[in-house]
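No lab work stands behind these numbers, since they all come straight from the coordinates. Being a predicted model, the structure only gives us computed values, none of them experimental. For neighbour counting, all protein chains shown are included, and Cβ atoms are generated from backbone atoms with ideal geometry for every residue, glycine included.
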Amino acid sequence: MLKRMLGIVLAVVMCVSFAACGEKKSSEKVYRIATDTAFPPFEIPDEKGSGKLTGIDIDILAAIAEDQGFKYELDVLGFDAAVVALESNQADAVIAGMSITDKRKQSYDFSAPYYDSGVVMAVSSDNDTIKEYKDLAGKKVAAKRGTEGATFAEKLKEQYGFDITLFDDSPTMYMDVTSGNSVACFEDYPVMGYQIAKGSKLKMVTDMEQGSSYGFAVMKGKNTELLTMFDKGLENIKANGKYQEILDKYIKEK
Ligand code: GLN
C-alpha cells in the first residue's frame, strides 16, 4: 500500500517537473532573424564564401541578444527574400539595413532607428556623361528588388524615361553598372560610400535623397516581446559604448 502511494507521489512529482521542463524550453525560444546576403558595412559576406556574415547589423544584433539574453538564428536570405520570409512567418524579424518608411509602417513594427541613411545614384567611375537624372533618358538603370532605391528609381522613371533592371543583391547590381550594361544604379548612401572606399569602380553623382533610418522589423502586432528586447538592448549598448565601438570597428578610417 505504502509502496503504491509512493509510486503515485513519484509519478505526480515527475509529471510536474516534466511540465516545468516543457515550460523552460518554450521560454528558450530561438528567434529566426532574416537578413541580406551582402550589404556592407551592415552585412559583409565572408570573402572565402563560407556564407558567414560580419557587419554592423550582425554585431548590433549579437550585442543586443547578449544584453537581453535571447537566442536567435540568422537566416541569410537577401533583402527581398528576408521581407518575404517575415511576411510568410518563416522569420520572426528582419535586420538588413532596412529603412523605416511610412508605407512599411503600415505592415511592420520597427525598433527605434539605429542608423541614418538615404538613396544616391552611382555610375561607373569612368563615366562622365551621366551626371543627373535627366541624363538617364532612354538608358538602362539597375536597382535592387524590394528596396528604397528601387522605389525611388520607379518614381523617377516616368519623368526621366529610363528602363529599370532589378537585381536580388547589391554586388550583382554594381556589376551591371561597372560592366556597362546599366548606366547607373540606386543604392543607400552609407553602403555606396563604403563600397567606393573599398575600391569599387563606382562613383556617386547625386546628393542623398529619400532620407530615412534603419530599423529592426517585425510583423505588425507580432513578436512584440522581441521588439521590446531589441529596443531595450539598443538603449543599453548605446549607453555602455558598445554601439559606438561596433560603428567604429567598421566605419572609422584606419
Ligand atoms: N535601406 C534599403 C531598404 O530598406 C535597402 C536595404 C538593403 O538593400 N538591404 O529598402
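Before moving on, here are some points about what is shown:
- When the alpha-carbon atoms of region 93-245 are used, the pair Rg, Dmax equals 17.1, 52 angstrom.
- Between ASP57, ASP168, ASP36, the Gaussian network model of the chain with springs among Cα atoms under 10 angstrom shows the greatest mean-square fluctuation at ASP168.
- Cα gyration tensor shape of region 49-157, rounded if a/c is under 1.5, else prolate or oblate by comparing a/b with b/c: prolate
- Three-way shape call for region 165-254 based on the alpha-carbon gyration tensor, with the a/c threshold at 1.5: oblate
- Value in Å of the Kirkwood radius, where region 93-165 supplies the Cα pairs that are averaged: 14.2 Å
- Net charge of neighbours whose Cβ lies under 13 Å from the Cβ of ASP231, counting Lys and Arg as +1 and Asp and Glu as -1: -2
- If you run the Gaussian network model on the chain, springs between alpha carbon atoms under 10 Å, then out of VAL205, VAL119, VAL30 the most flexible one is VAL30.
- Each of ALA63, ALA112, PHE79 was placed along the dipole of the chain (beta-carbon charges, centred on the mean Cα), and the one lying farthest toward the positive end is ALA63.
- Compactness relative to 2.2 N^0.38 Å, alpha carbon Rg of region 127-185: 1.01
- Helical contribution to [θ] at 222 nm, DSSP H n ≥ 4, -39,500 (n - 2.57), averaged over the chain, rounded to 500: -13500 deg cm²/dmol
- Under the convention that each Lys and Arg Cβ holds +1 and each Asp and Glu Cβ holds -1, the size of the dipole of region 55-212 around its Cα centre is about 540 debye.
- Springs join every pair of Cα atoms under 10 Å in this Gaussian network model of the chain, and among ALA153, ALA197, ALA85 the largest mean-square fluctuation is at ALA197.
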